[in-house]
Amino acid sequence: MSHLSKQFPIRDRGRRRVLHAVDDVSFALRSGETVALVGGSGSGSGSGKSRIARMLARLTVPTGGRSVHSGQ
């Protein structure tokens, strides 16, 4: 994952805004490694852990950056 971002257009009190769900996240996963993604929860705004997992699983398309999957 390289410089991933995910944004959503929202309306707040009648105004259009952009919600930055994930902003410039980069990491590498290698065979045989275990990785933990940790962050706050319960605040109502979240920290993007589930959104990153959804992009990793290709269930959500990133707004920016790229996800490179090797064939191994």
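What is the extension gain from Thr63 to Arg13, computed as 0.36 nm multiplied by their sequence separation minus the C-alpha to C-alpha distance, in nm to one decimal? Let's see the in-between values first.
Values: separation 50, 0.36 × 50 = 18.00 nm, distance 2.41 nm.
The Thr63-Arg13 span can extend by a further 15.6 nm.
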- prompt: For the chain, which trypsin sites (Lys or Arg not before Pro) are both in a DSSP coil and crowded by at most 14 other Cβ atoms within 10 Å?
  reply: Arg13, Arg30, Arg58
Highest-fluctuation residue, Ser41, Ser31, Ser50 considered, GNM on the chain with Cα pairs under 10 Å: Ser31
- prompt: Counting Lys and Arg as +1 and Asp and Glu as -1, what is the net charge of the other residues whose Cβ lies under 14 Å from the Cβ of Ile52?
  reply: +4
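Give me His20, His69 ranked fewest to most by other Cβ atoms within 10 Å of their Cβ, as a rough exposure proxy.
Taking fewest neighbouring Cβ atoms as first place, the list is His69, His20.
I'm checking a number: the convex hull volume of the Cα atoms of region 2-63, normalised per residue, in Å³. What is it? Don't jump to the answer; show the numbers that get you there.
Numbers: hull volume 5.7 nm³, N = 62.
Taking only Cα atoms, region 2-63 has a hull volume of 92 Å³ per residue.
Coordinate-derived values only; no laboratory data. A quick note: this is a predicted structure, and the numbers were derived from the prediction, not measured. In this analysis, Cβ positions are derived from the backbone assuming ideal geometry, glycine residues included, and neighbour counts consider all displayed protein chains.
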